[in-house]
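Okay, so here's the structure we're looking at.
The values are calculated or read from the model by the stated rules, or taken from the named source; none is laboratory data. Everything numeric here is computed off the predicted structure, so don't read it as measured data. Counting neighbours? That spans all protein chains shown, and the Cβs are built from the backbone with ideal geometry, glycine included. Ligands, DNA and RNA are stripped out before the accessible areas are found, and what is left, the full protein with its side chains, is counted by its heavy atoms. Shrake-Rupley method; radii C 1.70, N 1.55, O 1.52, S 1.80 Å.
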Amino acid sequence: MSDQPLTSGGLRGAVDLTALRNQPPSGGQPAGPAGGSAPAAPGAAAGPSSAGIPGRSGVVVEGSDATFQEIANASVGVPMLLVLWAAQIPESRDYLDTVVAVAGTYEGRFQVVSIDVEQNPTLLRAFQVQSVPMTMGLIQGQPVPMFAGLQPESALRPVLDEFLALAVQHGVTGRVEIAAAAPAADGEAVEEQLPPLHQEAYDAIERGDLDAAAAAYQQALKQNPTDSDAELGLAQVGLMQRTEGADLQQARAAAADRPTDVAAQGLVADLDVLGGHVEDAFLRLIDLVRATSGDEREAARNHLLQLFAVVGSHDERVRKARTALMSALF
């Protein structure tokens, strides 16, 4: 990861790609010349989606000079992960495959944007690309520096988790439709729409009305208790509500003074998840479960389960924490 941490400060100010500074290389290869011919990005997909870039679904889409504004607009609702690569550098294409494979395990929580810098000289200059591959996040149209150079999967996941926590903090909680929709009778793809209550929740988040968003997701779950997207959305909105206006330093001081206070410990755990310190958050609440009993223990357990929902049931850290929670309970 670059020396610049993921913080909400990375989202301030207007977008000015010409002002972006390339991160120091860490194992990347020199970018190839712009304008050369190159095959399509590996794994690129096209088709309808209920979120992400309108008219294009799948975990990965192609980005270009012509479509970058569309991508920036889409990042208002869904986090975007930009991977800049070059066809003349095979290692950079292999790295894109690695990123796409990892992204596929996140259940559509962000969309990978493949950018061949040889084919897109405007983006090559805008991002001041000196080596490829180069990886950047995009949230609400604002760039979030991540990596320059090749990175193993073990290095990708912690940074992606931190990136998604930052997205949740800024209300960007949409997901991309992974499965392709059936074509229309005339052979053209039909763009799927979000379910009405999901759209209502999304719109409420956009205007900053978290109570209305939570109510919409709760209604969706009432209609369909197995609606996993509504469950995830409700958990994310709950996290946003609990941490709104919170001061991390004050929260940590209160938790240190009241080690068995569920509200105090829960707030620090929430802030840790937002900051990407997922394992620390889980451990804090598991220790709290061990140290409490009765209603307080149940409250701590329920808070932990809410954070499991935010992170995702398929995350390995959630699986390990569930095992530790069972041990703490019994």
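Pick out the one residue from Ala220, Ala246, Ala254 that is in contact with a His (Cβ under 7 Å, 6 or more places away or on another chain) and either of a type in the set (A, V, I, L, M) or outside any helix (DSSP H, G or I) (or both). Break it down stepwise before answering.
Numbers: Ala246 fails: in contact with a His (Cβ under 7 Å, 6 or more places away or on another chain); Ala254 fails: in contact with a His (Cβ under 7 Å, 6 or more places away or on another chain).
One residue alone meets the criteria, Ala220.
Could you check Gly208 against (1) assigned to a helix (DSSP H, G or I); (2) more than 29 Å from Ala328 (Cα to Cα); (3) in contact (Cβ under 8 Å) with a residue 24 or more places away in the chain; (4) not polar (S, T, N, Q) and say which number it fails?
The one condition Gly208 does not meet is (1).
Among what's in segment 68-89 and is in a loop (DSSP other than H, G, I, E, B) and not aliphatic (A, V, I, L, M), pick the residue that is most open to solvent (accessible area, probe 1.4 Å). Can you show your working first?
Filtering segment 68-89 for residues in a loop (DSSP other than H, G, I, E, B) gives 75-79, 86-89.
This time we only want the ones that are not aliphatic (A, V, I, L, M), so: 75, 77, 79, 88.
Details: Ser75: 0, Gly77: 5, Pro79: 2, Gln88: 108 Å².
The selected residue is Gln88.
Among the residues of segment 289-330, which ones are among the β-branched types (Val, Ile, Thr), free of Cβ contacts under 8 Å to residues at least 40 places away in the same chain and part of a helix (DSSP H, G or I)?
Step one: list which residues in segment 289-330 are among the β-branched types (Val, Ile, Thr), which gives 289, 292, 310-311, 318, 323.
If we keep only those that are free of Cβ contacts under 8 Å to residues at least 40 places away in the same chain as well, we get 292, 318, 323.
Val318, Thr323 - these are the residues of segment 289-330 that are among the β-branched types (Val, Ile, Thr), free of Cβ contacts under 8 Å to residues at least 40 places away in the same chain and part of a helix (DSSP H, G or I).
Of all residues in segment 93-120, how many are out of contact with any Gly (no Cβ under 8 Å at 6 or more places or on another chain) and among the polar types (S, T, N, Q)?
The number of residues fulfilling the criteria is 2.
Kindly indicate the residue of segment 225-251 that is aliphatic (A, V, I, L, M) and closer than 14 Å to Leu267 by Cα and also modelled with the highest pLDDT among those meeting that condition. Write out each step before concluding.
Initial filter on segment 225-251 (aliphatic (A, V, I, L, M)): 230, 232, 234-235, 237, 239-240, 246, 248, 251.
Subsequent filtering for residues that are closer than 14 Å to Leu267 by Cα retains 239-240, 246, 248, 251.
Numbers: Leu239: 88, Met240: 87, Ala246: 88, Leu248: 88, Ala251: 94.
Checked segment 225-251; the qualifying residue modelled with the highest pLDDT is Ala251.
Against the definition (surrounded by fewer than 17 Cβ atoms within 10 Å (Cβ to Cβ), among the polar types (S, T, N, Q), out of contact with any Pro (no Cβ under 8 Å at 6 or more places or on another chain) and under 22 Å from Phe110 (Cβ atoms)), how does Ser293 come out, yes or no?
no
Taking the residues in segment 127-140 that are open to solvent by less than 10 Å² (accessible area, probe 1.4 Å) and touching a residue at least 60 places away in the same chain (Cβ under 8 Å) as candidates, determine which candidate is farthest from Glu316 (Cα to Cα).
Only one residue fits best here, namely Phe127.
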